[in-house]
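Take this structure first; my questions come after.
The values are calculated or read from the model by the stated rules, or taken from the named source; none is laboratory data. Worth saying up front: this structure is predicted, and the values here are computed from it rather than measured. Heads up, the Cβs are rebuilt from the backbone with ideal geometry, glycines too, and the neighbour counts pull from every protein chain shown.
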Amino acid sequence: MLLEKIDNPADLKKLKPEQLPVLAAEVRQFLLETLSATGGHLGSNLGTVELAIALHYCFDSPSDKIIWDVGHQAYTHKILTGRRDRFNTQRQYKGLSGFPKRSESEHDAFGVGHSSTSISAALGMAAAAGLSGTRNHSIAVIGDGSLTGGMAFEALNQAGHLKKNLIVILNDNEMSISQNVGAFSAFISRKMTGRYFRDLKKEMQGLLKHIPAIGTDILHFARRAEDSLKGFLTPGALFDALGFDYLGPLDGHNLPQLVEVFNNINELDGPLLVHIMTTKGKGYKPAEDTPAKYHGVGSFDIATGQGAAKPSTKSYTDVFGETIVQLAEKDPKIVAITAAMPDGTGLNSFSKRFPDRFFDVGIAEQHGLAFAAGIAAEGYRPVAAIYSTFMQRAYDQVFHDICLQKLPVTLAMDRAGLVGDDGPTHHGVFDLSYLRHLPGITLMAPKDENELRHMLNTAVYSGVPMALRYPRGAGYGVEMDIDLKTLEIGRGEQLLEGGDLTIIAIGATVYPALEAAGNLRQNGIEAAVINARFVKPLDAELILSAARKTGCIVTVEENALQGGFGSAVLELLYDNNLQDVRIRRLGIADRYIEHGSQAQLRKDVGIDADGIAAAVVEFMK
């Protein structure tokens with residue numbers, strides 16, 4: 001096995017070029033065998049095996065900086081850079097991260113997890129190399145999906161202006177931009193990067209410049225002819241206009257071709273974009289046939305492609321998707337918006353049922369929320385379904401375009417709280433903090449999937465900006481109300497009476513708080529439990545009454561403690577001269593939480609039932 005001999009890129013360079021396709025086959029099999037047991041991002045990584053091999057074969061990491069946008073496609077990179085023996089721990093508790101991570105390896109030049117950042121980071125490294133007088137390569141690998149993010153084009157624009165030595169690899173597996181991929185265009189790109197062609201081009205330019213009177217005009221004509229030829233033969237006119245030399249499209253699974261081109265561009269100066277075509281799920285038919293299904297997988301059977309049976313209880317995402325369809329069937333003013341996540345946000349059914357009222361804006365959360373604000377300004381009821389961690393990318397739009405103008409946009413924030421295996425880049429543990437201080441916004445979280453339905457109905461018809469956050473994963477299997485209710489804004493509910501202290505919980509922490517209260521009763525501690533429902537506005541009457549009655553408050557949230565729900569309760573008590581009330585806040589401390597199962601992480605931070613009960617016992621001492 002060739003793969004067993006590869007512990008770092010230096011080992012890879014010892015292979016002969018004809019051995020590389022054999023290595024690619026071994027890596028692909030290794031990925032299948034490992035991910036079928038552990039789960040992970042399968043399709044995107046099967047599609048970039050040859051690309052990762054060619055990059056490390058032709059360039060010199062870590063001196064040359066390779067930045068993988070998002071990092072969903074960087075598994076082969078990790079395997080080739082000394083992490084093969086630990087790869088079965090990726091995305092497992094205290095194991096390897098599922099994304100490139102600077103603290104994990106010197107070959108991970110930049111930490112990633114959110115999209116469209118790679119070109120900016122690589123350009124910064126290229127600028128630093130220029131300041132240092134070094135000639136290291138800066139290489140950004142970005143997918144066609146990430147290229148829909150406006151930040152990527154901002155970086156491309158500056159790169160074309162700065163003229164730094166930057167290589168952008170566009171990994172294209174979907175875009176119609178590449179319809180003319182084929183042998184001829186690949187041949188043109190390969191030959192245009194060769195030394196002979198480049199030397200000839202420079203000599204001809206020098207010769208033409210020195211022809212009296214007409215030389216400069218001929219040179220300009222030749223350049224226009226070259227640009228026209230490239231624009232006719234290739235889809236690179238846009239990148240040429242941004243100041244990049246464009247090469248491609250190339251077959252991203254043709255290793256000899258990739259190696260030849262990468263070796264050639266080693267000596268090129270200035271910004272360069274190499275456009276390659278790949279197939280998601282390459283080499284594994286189930287993933288090739290249904291790439292969306294195999295983007296992120298749990299354990300599965302390689303022979304059949306079938307994964308483990310799904311939980312019988314519906315997920316919050318599924319309940320959200322069903323409820324918005326139910327609402328839209330009765331109201332033609334309801335529209336749904338997502339940022340490249342129709343599957344992940346549960347909007348697939350809506351998109352099929354109401355295609356004219358469904359908008360996928362791509363990986364462009366900022367645009368998506370300003371777009372939603374524009375729709376709301378014309379009397380419609382937009383619901384923007386975006387993961388909590390990705391909503392951070394559009395903070396200014398929530399402030400400026402929605403709240404400041406008091407436009408009735410509903411923010412449906414999936415994956416709020418601790419999301420599990422994807423780790424710190426994907427935990428949605430900051431939304432309560434970064435949203436609740438915005439004037440005019442209403443912020444709420446359901447205790448279960450049935451309450452989620454009523455909150456969505458409430459938000460859509462509130463007439464004001466509303467944010468609704470709910471967790472990843474299955475609900476509690478509670479009985480669903482047939483009719484949707486409109487909740488009173490800012491009204492919580494008392495779930496349990498008790499005279500010793502009051503536990504005030506929000507969202508996913510309500511049921512653990514109830515369970516903790518049951519356990520505490522066995523120790524003689526009578527704890528009241530309140531489901532706050534709303535972070536903004538708080539149910540001041542209910543909370544203040546509980547504070548005066550018991551004199552002890554414990555708040556529980558799956559959010560950062562700084563500026564979160566507990567902070568809001570503290571402010572309420574202070575503003576009402578109840579500084580003598582004892583209070584303990586439970587939630588996420590001032591640190592980033594690593595990857596692991598949701599249950600394990602909740603246990604670690606002390607917001608599961610046992611953790612809440614233990615904190616209360618200690619507090620009551």
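Among the listed residues VAL297, VAL259, VAL274, identify the single one that is buried (at least 18 other Cβ atoms within 10 Å of the Cβ) and closer than 19 Å to GLU26 by Cβ.
Checking each option against the conditions leaves just VAL259.
With a cut-off of at least 2 residues that are aromatic (Phe, Trp, Tyr) and within 23 Å of LEU514 (Cβ to Cβ), name the strands (runs of 3 or more DSSP E) lying wholly within the range 407-489.
Because the criterion is at least 2 residues that are aromatic (Phe, Trp, Tyr) and within 23 Å of LEU514 (Cβ to Cβ), no strands (runs of 3 or more DSSP E) in the range 407-489 meet it.
Before we move on, is PRO291 within 30 Å of GLY248 (Cα to Cα), outside any loop (DSSP other than H, G, I, E, B) and either more than 17 Å from the chain's Cα centre (by Cα) or of a type in the set (Ser, Thr, Tyr) (or both)?
Against the criterion (within 30 Å of GLY248 (Cα to Cα), outside any loop (DSSP other than H, G, I, E, B) and either more than 17 Å from the chain's Cα centre (by Cα) or of a type in the set (Ser, Thr, Tyr) (or both)), PRO291 does not qualify.
Which fully enclosed helices (runs of 4 or more DSSP H) of the range 297-383 have 3 or more residues being under 27 Å from LYS485 (Cα atoms) and out of contact with any strand residue (DSSP E or B) (no Cβ under 8 Å at 6 or more places or on another chain)?
Of the helices (runs of 4 or more DSSP H) lying wholly inside the range 297-383, those with at least 3 residues that are under 27 Å from LYS485 (Cα atoms) and out of contact with any strand residue (DSSP E or B) (no Cβ under 8 Å at 6 or more places or on another chain) span 316-330, 348-353.
Which pairs do you get when a residue that is in a loop (DSSP other than H, G, I, E, B), found in the range 30-46, comes within reach of a residue that is of a type in the set (S, T, N, Q), reach meaning Cβ atoms under 9 angstrom, with the pair 6+ apart or on two chains?
If the second residue must be of a type in the set (S, T, N, Q), the pairs left are GLY39/SER299; LEU42/SER36.
Which residues, counting only those in the range 322-336, are among the β-branched types (Val, Ile, Thr) and without any contact (Cβ under 8 Å) to a residue 40 or more places away in the chain?
VAL325
For a quick check of your reading of the model, give me the residue pairs whose first member lies in the range 100-118 and is in contact (Cβ under 8 Å) with a residue 60 or more places away in the chain and within 9 Å of GLY71 (Cβ to Cβ), whose second is among the small types (Gly, Ala, Ser) and surrounded by fewer than 23 Cβ atoms within 10 Å (Cβ to Cβ), with beta-carbon atoms closer than 7 Å and at least 6 apart or on different chains.
Close Cβ pairs satisfying both conditions: none exist.
Looking only at the range 18-40, filter to residues that are farther than 25 Å from HIS595 by Cα and out of contact with any Asp or Glu (no Cβ under 9 Å at 6 or more places or on another chain); which one of those is surrounded by the most Cβ atoms within 10 Å (Cβ to Cβ)?
Looking at residues that are farther than 25 Å from HIS595 by Cα and out of contact with any Asp or Glu (no Cβ under 9 Å at 6 or more places or on another chain), I get LEU23.
Being of a type in the set (D, E, K, R) and under 24 Å from THR345 (Cβ atoms) is the requirement here; does ARG472 meet it?
Judged against the criteria, ARG472 is a match.
Test each condition in (1) under 19 Å from the mean Cα position of the chain (by Cα); (2) at pLDDT 95 or above for GLY362 and report the one that comes out false.
Just one mismatch for GLY362, condition (2).
Please list, ordered by first then second residue, the pairs with beta carbon atoms under 8 Å, 6 or more apart or interchain, first in the range 237-263 and assigned to a helix (DSSP H, G or I), second of a type in the set (S, T, N, Q).
From residues that are assigned to a helix (DSSP H, G or I), the pairs are VAL261/SER189; VAL261/THR193.
Select from the range 231-256 the residues that are out of contact with any Ser or Thr (no Cβ under 8 Å at 6 or more places or on another chain) and crowded, with 21+ Cβ neighbours inside 10 Å and write down the one among them that is modelled with the highest pLDDT.
The extreme case among them is LEU255.
Return a yes/no flag: does the range 369-383 have any residue that is modelled with pLDDT of 95 or more, farther than 22 Å from SER351 by Cα and under 22 Å from the mean Cα position of the chain (by Cα).
The answer is no; no qualifying residue exists.
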